[in-house]
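The values are calculated or read from the model by the stated rules, or taken from the named source; none is laboratory data. Computed from a prediction, not measured in an experiment: that's the story for all the values here. Because the Cβ atoms are built from the backbone with ideal geometry, glycine has one as well, and the counts that use them run over all protein chains shown.
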Amino acid sequence: MKNVLEWLEASAAKNPQKPAFIGDKEITFEQVMTWAKTIGTTLAQMEGDAPVAVFSARSATTPALFAGIVYSGRAYAPIDATLPQKRIQKILTNLNPSLILVDQESHARFLKLASEIFEDRMPAIVKVDFDELTITKQDETIVSLDASNIDATALDQIREQMVVTDPLYIIYTSGSSGNPKGVMTSHESLMTYINAYCKVMQIEEQDCLGNQSPLDYIAAIRDIYIPFKTGCQTAIIPKEYFMEPNMLFEYMNEKHVTSVGWSVSALTVPLSLGAFEEVKLTSLNKVCFSGSVMPCSALRVWQENLPDARFVNQYGPTEATASCTYYVVDHRVTDDEVLPIGKAYENYRVFLLDENNQKADRGEICVSGPILALGYYNDPERTEKSFVNNPTNHAYPERIYRTGDIGSLDENGILHFHGRMDRQIKHMGHRVELDEVECAANAIEGISESACLYNKPKEVLVLFYCGDLEKKGLSLALRETIPGFMVPRKLIKMDALPKLPNGKIDLKKLEGEM
Amino acid sequence: MSTREQLMEILEELRPDIDFENEQALIDDHIMESFDVVALVSSLADEFDITVRPKDLLPKNFNNVDAMVELIERLMEE
């Protein structure tokens, strides 16, 4: 296997009429493949081979858009059209696409954005309408989304030239300088991860995955590509159900969801809203959680309610294809326990380096192997800083990724997590650089200084600031530049921020004032 | 302070960018996010000494301020 499309083609040949993605619509394996090939044929006729930006809804049809771009021989970069305009602008500046693909739902919103973002150099825009089943090209020609518009010879030629290390996608994540980083990942990395995950989670053809994350987010790669590989199905659960546990559980039971890979907060939030009190889960039996440290008081409740389910704690960054290690929870947990992050997935090498760059039992968690991202797109400086040559290997080039996380190995070779080396935090499943929030605040007129802290027990970002701007004005201005989840829900205006003797802001003192 | 005024204070602090007086579909139009609902439910518990149960977590109870006031007052009587 050298390409994810081979997985899709095998599953479509085996079960063409089985729905692969269900949610707002039901899309069969054959439809995903046929639509993707038609989109691929159309895009292949257009110039350039640079990555394609995609603006699409959280819909069962979106995987066909991604696969369509892959058929054309390019990588895709999914972008959430509801992000603030300034952030989309930063992403598009980095990506500099010559081609943008939009679906019918995002089209109007995107056109409005595009007229403000691109002045003279407007990229080609291709619209795919899954209601009308048409593709509308830049010059207004319309191609219908059916098998008669597939050029099999052209697609075969493209495939022949592709290699397993070709880029598959670029996913943007928070960067401390205020500019998002585009993590670029190959087919090989994705397939290595999906193979390893399916083995650990014991996913088979009859499973149904419950998708929680937005489709442009790293966690969604499981929900998109596991059906390709195993022939199983993914149900895209409406976002608002995560605020209404009864509706969430009833929906999952109705769709026979058997397996979920969710952020920790997707499991803890429904509990804080009374999940399991009135409605039980009847089909779920495999639960993987990741993104931040799982409070065992919450895991215990899940275990009591799903006594036969398999629970797996996953750890790892986007740069190592979503993951590094896993821990299968093999006992009933107690409230005060801290789960280990376990051991490396198959075909991953995970090790610790101390401050002298020597292998150690405690130190920075480092990872190498075929799951390493290709780098940050169009960003050699930050790529060189994070993806480095293994300092213990002087004989030949061996690229590793330094996660910036601290870990330790116990006597059984099991890895434990001890937090960050820098100021990155995990807030409701999202990676947030506190520096980035401060950068955004300091760039606003009327703000002289700011310090962002995280109140972990309450799961609230707090921003202390000085300046003329009132809270409301600051909140509004922040919402124009950074995503909603990064905007601090608590803003505290001060006459001056407390300082250390060296002139730096005294964060410890501010912690006491949260 | 009336229930409504107290609620408005909580909402203003939570999301100063939203025009709570005029919005009628806070949940249905995805104006409030899940983080907001979670934070709001815990504030309501502290401020009004009420417990919002899963069966009350319906969009119609949170779509606008009037509906929220009605829910809070009903739960306070229970």
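Here are some notes:
- Close pairs from the range A:281-301: first over 20 Å from residue A:418 (Cα atoms) and hydroxyl-bearing (Ser, Thr, Tyr), partner modelled with pLDDT of 95 or more and part of a strand (DSSP E or B), Cβ under 8 Å, at least 6 apart: A:283/A:208
- Residue list for the range A:50-87, filter: over 19 Å from residue A:221 (Cα atoms) and buried (at least 23 other Cβ atoms within 10 Å of the Cβ): A:72
- Looking only at the range A:17-51, residues that are in a loop (DSSP other than H, G, I, E, B), within 27 Å of the chain's Cα centre (by Cα) and touching a residue at least 40 places away in the same chain (Cβ under 8 Å) come to 7 in all.
- Here is the figure for the range A:471-514: residues that are within 10 Å of another protein chain (Cβ to nearest Cβ) and over 20 Å from residue A:439 (Cβ atoms) total 1.
- For the range B:27-78, filtered to residues that are away from chain A (no Cβ under 13 Å), among the acidic types (Asp, Glu) and in a helix (DSSP H, G or I), the residue that is surrounded by the fewest Cβ atoms within 10 Å (Cβ to Cβ) is B:77.
- Looking across the range A:65-82, the residues that are of a type outside the set (Ser, Thr, Tyr) and in contact (Cβ under 8 Å) with a residue 60 or more places away in the chain come down to A:65, A:66, A:67, A:68, A:70, A:73, A:75, A:77, A:78, A:79, A:80.
- Look at (1) within 14 Å of chain B (Cβ to nearest Cβ); (2) at positive phi; (3) loosely packed, with under 15 Cβ neighbours inside 10 Å and you find that residue A:458 fails only one, number (2).
- Condition check for residue A:14: outside the structural domain of residue A:80 (by TED's automatic domain parsing), in contact (Cβ under 8 Å) with a residue 24 or more places away in the chain, more than 24 Å from residue A:184 (Cα to Cα) and surrounded by fewer than 15 Cβ atoms within 10 Å (Cβ to Cβ): yes
- A Cβ distance below 9 Å, combined with a sequence gap of six or more or placement on separate chains, defines the contacts here; from the range A:83-100, residues that are closer than 10 Å to residue A:180 by Cβ reach residues that are of a type in the set (Lys, Arg) in the pairs A:94/A:181.
- Residue match in the range A:304-311 (condition: part of a helix (DSSP H, G or I), more than 21 Å from the chain's Cα centre (by Cα) and either within 10 Å of chain B (Cβ to nearest Cβ) or closer than 20 Å to residue A:328 by Cβ (or both)): yes
- Answer residue from the range A:266-303, given it is over 18 Å from residue A:329 (Cβ atoms) and part of a helix (DSSP H, G or I) and is farthest from the other protein chains (Cβ to nearest Cβ) among those: A:270
- Test: residue in the range A:177-190 that is at pLDDT below 95 and over 18 Å from the mean Cα position of the chain (by Cα): yes
- Some residue of the range B:2-10 being assigned to a loop (DSSP other than H, G, I, E, B) and within 13 Å of chain A (Cβ to nearest Cβ): no
- From the list A:212, A:233, the one residue that fits, being more than 24 Å from residue A:324 (Cβ to Cβ), touching a residue at least 40 places away in the same chain (Cβ under 8 Å) and of a type in the set (S, T, N, Q), is A:233.
- Residues that are within 8 Å of chain A (Cβ to nearest Cβ) and either farther than 23 Å from residue A:427 by Cα or surrounded by 20 or more Cβ atoms within 10 Å (Cβ to Cβ) (or both), drawn from the range B:15-26: B:15
- For residue A:94, the conditions (1) touching a Leu at 6+ places or on another chain (Cβ under 7 Å); (2) polar (S, T, N, Q); (3) modelled with pLDDT of 90 or more are fulfilled apart from (1).
- Taking the range A:422-514 and the helices (runs of 4 or more DSSP H) fully enclosed by it, the elements with 3 or more residues that are under 30 Å from residue A:182 (Cα atoms) are at A:434-442, A:471-479.
- Being within 23 Å of the chain's Cα centre (by Cα) and either modelled with pLDDT of 95 or more or hydrophobic (A, V, I, L, M, F, W, C) (or both) is true of residue A:375.
- The set of residues in the range A:246-265 being away from chain B (no Cβ under 12 Å) and either touching an Asp or Glu at 6+ places or on another chain (Cβ under 7 Å) or aromatic (Phe, Trp, Tyr) (or both) consists of A:251, A:258, A:259, A:262.
- Selected residue [modelled with pLDDT under 90, surrounded by fewer than 17 Cβ atoms within 10 Å (Cβ to Cβ) and of a type in the set (D, E, K, R)] from A:116, A:132: A:116
- All conditions but one from (1) under 30 Å from residue A:323 (Cα atoms); (2) touching a helix residue (DSSP H, G or I) at 6+ places or on another chain (Cβ under 6 Å) apply to residue A:100; the one that does not is (2).
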